[in-house]
């Protein structure tokens, strides 16, 4: 008999996600202003969204990442640093040097059950997606927030808040068939594997 199960947490795009994209302009006094430099705060955005979710609050309506209030930007940066703490970075580096087949098996066998268990109890799950190999292009690796799931047979479809794609949910599609283990993102980026990040709740002094 084919397995079917689904669960969505109370995380909503309207209340808990950010409207601005994960693309922040880095002002560099050593280069011409005509040469734009950008950086991302995907982990900080996921952690902050989750903080607000647990406060039952609402994210602010800012749409331009380069015009954020100082207190919000500072909080995002602080949470970004916490999302890339020693344990997270150490584990990421270890995974970067693993064969892709190993990452695929670990993601499906060990990490997916953790995600499902948390979602079943109403808790969204921040994960780190491993895309690059070794230390090549480390910024290609990414952080997203899993907010729900749907299981149909060997296929698990995870609903995601991805800071790179504001205003909509994306999906992480996992095939657990023994003859076709596979992980895909609905947005098209490659995925070698993923693991649950070490999130700890933090209460902002005030909502932004």
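Only the coordinates and a few stated rules stand behind these numbers; no lab work does. This structure is a prediction, so every number in the text was calculated from the model and none was measured. As a convention, Cβ positions derive from the backbone with ideal geometry for all residues, glycine included, and neighbour counts pool all protein chains shown.
Here are some notes:
- Residue 175 more than 27 Å from residue 20 (Cβ to Cβ), free of Cβ contacts under 8 Å to residues at least 40 places away in the same chain, surrounded by fewer than 21 Cβ atoms within 10 Å (Cβ to Cβ) and touching a strand residue (DSSP E or B) at 6+ places or on another chain (Cβ under 8 Å): yes
- For region 85-105, residues that are crowded, with 17+ Cβ neighbours inside 10 Å and either touching a helix residue (DSSP H, G or I) at 6+ places or on another chain (Cβ under 7 Å) or closer than 24 Å to residue 178 by Cα (or both) total 4.
- Qualifying residue in region 124-144 (condition: in contact (Cβ under 8 Å) with a residue 12 or more places away in the chain, under 23 Å from residue 10 (Cβ atoms) and either more than 15 Å from the chain's Cα centre (by Cα) or in a loop (DSSP other than H, G, I, E, B) (or both)): yes
- Test: residue in region 64-73 that is within 28 Å of residue 180 (Cβ to Cβ), part of a loop (DSSP other than H, G, I, E, B) and touching a helix residue (DSSP H, G or I) at 6+ places or on another chain (Cβ under 8 Å): no
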